[in-house]
Amino acid sequence: MKKILIIISFWLACANSQELAKIGEEFLNLGNWMVALDYFEQALEKNPRSAPAWYGKGVALCQLGKFEPGLSAMDEALRLDAKNYNYIYGKGVCYEWRGRDYWVQAERYYKRAMELVPEHPQLSHKLASLYQQQSRYEEAIQLYKKAIKLNPDYYISYNNLASCYLALNQPKPAVELYQQAIIHSAYSSQFHFYHHLGIALLADGKPELAKASFLIETAQNPDFADAHLNLGNLYLLEKNYLRALEEYQEVISIDSQISEAYFNLGHLYLLLKQYELACKNFEKYIELEPDSGKGHYFLSLCYHQLGDKSKAFSEFNQSLKLGYHPEPIRQQLKSGK
């Protein structure tokens, strides 16, 4: 082992700047930012004018959250290779990573990169993603469409375009696009495409098809709590209380901090007139969501059914303080009664 380390050390000492930068890139791809940074710095010691080493150093520093020196390193890379669209694009990515306050700069660099290579699908996709995060859905839609036209097999663009349509309350094109994402991807389970499709089908008023999609999702990803939660909600609407109970309990077994599962369980037990169990779940819900007016209101209903008028009044009063006014109460407030 010692001999191997000596040989590696000797080889590294003899390696030129280009070779060291290449090793740094490999460690970047592996997500080992500190080791990558070390190799890029070694490369720069041998050749301070290595644009790839400066760029790699910038990426590694930004990944480590050191944005100022990272962006400065990228500036040096661009000074040495001003027309390299990858460097321009990468600087935009770093500004996006830095946070919402820097998204204007990110947009500027993405557009600069697109001016150099207007037919590059990833650039259109990335700028569209930035717009989507800012709820600029119409602009994002046009860019995702362009990205798909340039690369019809890139399934993430279909998925994100569908999400934009769904955000604009247009479920029909969203359904078609999620289906396209599934068709073009060999990794539908990795990205939860069937769950996304189920959400769109629900929005399109097709609960049976939505249920089928959620069932496929839970088969592919048994530990994905959101799909179990949505299945539970559908079963509850169907009054299939046993299956709803199973799904909500599955959610809690996966993640005991998902408050909605406790609320829905409480509601289910309330329908079944099992008030003690309903009370227990609403109490857990309020423990997780103490400022939820609806939680306090439904807990007050349980206490009322259990005959504890004092607690029922206290919880009901708390729900009003938190601004939760169910329709009958809201009408009374409007009429001044």
Open item on the list: How high is the relative contact order of the chain? Use alpha-carbon pairs under 8 Å, at least six apart in sequence, and give a whole percent.
Closed with: 6 percent
Open item on the list: Neighbour counts of other C-beta atoms within 10 Å: give me 157, 185 arranged from fewest to most.
Closed with: 185, 157
Open item on the list: Below 26 Å, Cα to Cα, which lysines can residue 211 reach? Residues fewer than 8 away in the same chain don't count.
Closed with: 172, 239
Open item on the list: Taking θ = phi - 60°, what integer Hz values does the Karplus form 6.51 cos²θ - 1.76 cosθ + 1.60 yield along the range 272-286, in sequence order, with x for Gly and Pro?
Closed with: 7, 6, 9, 5, 5, 5, 4, 4, 4, 6, 5, 5, 5, 4, 5
TODO: Kindly identify the range 107-262 as rounded, prolate or oblate by the Cα gyration tensor criterion: order the square roots of the eigenvalues as a ≥ b ≥ c, call it rounded if a/c is under 1.5, otherwise compare a/b with b/c, prolate if a/b is larger, else oblate.
DONE: prolate
Task: Computed log₁₀ I(q)/I(0) - Debye formula, equal Cα scatterers, no solvent, the range 244-315, q 0.15, 0.17, 0.25 Å⁻¹ - done: -0.43, -0.55, -1.06
- [ ] Can you bin the range 113-188 into rounded, prolate or oblate? Criterion: square roots of the alpha carbon gyration tensor eigenvalues sorted a ≥ b ≥ c, rounded for a/c under 1.5, prolate for a/b above b/c, oblate for the rest.
- [x] oblate
TODO: Decide, for the range 158-211, between rounded, prolate and oblate: order the square roots of the alpha carbon gyration tensor eigenvalues as a ≥ b ≥ c, take rounded if a/c falls under 1.5, and otherwise choose prolate if a/b is larger than b/c, else oblate.
DONE: oblate
TODO: Report the full-extension gain for the segment residue 246 to residue 105: residue separation times 0.36 nm, less the Cα-Cα distance, to one decimal in nm.
DONE: 45.9 nm
Task: the chain - mean residue ellipticity at 222 nm from DSSP helices (-39,500 (n - 2.57) per run, n ≥ 4, rounded to 500) - done: -25000 deg cm²/dmol
TODO: Excluding residues fewer than 8 places away in the same chain, name every one of the aspartates and glutamates whose C-alpha is closer than 20 Å to that of residue 66.
DONE: 25, 38, 41, 75, 76, 96, 101
Open item on the list: Could you compute Rg(Cα) / (2.2 N^0.38 Å) for the chain, with N its residue count?
Closed with: 1.36
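FYI, it's all coordinate maths here, none of it is from the lab. Remember, it's a predicted structure, so these values are computed and weren't measured experimentally. A quick note on method: Cβ atoms are made from the backbone with ideal geometry, for glycine too, and the neighbour counts reach across all protein chains shown.
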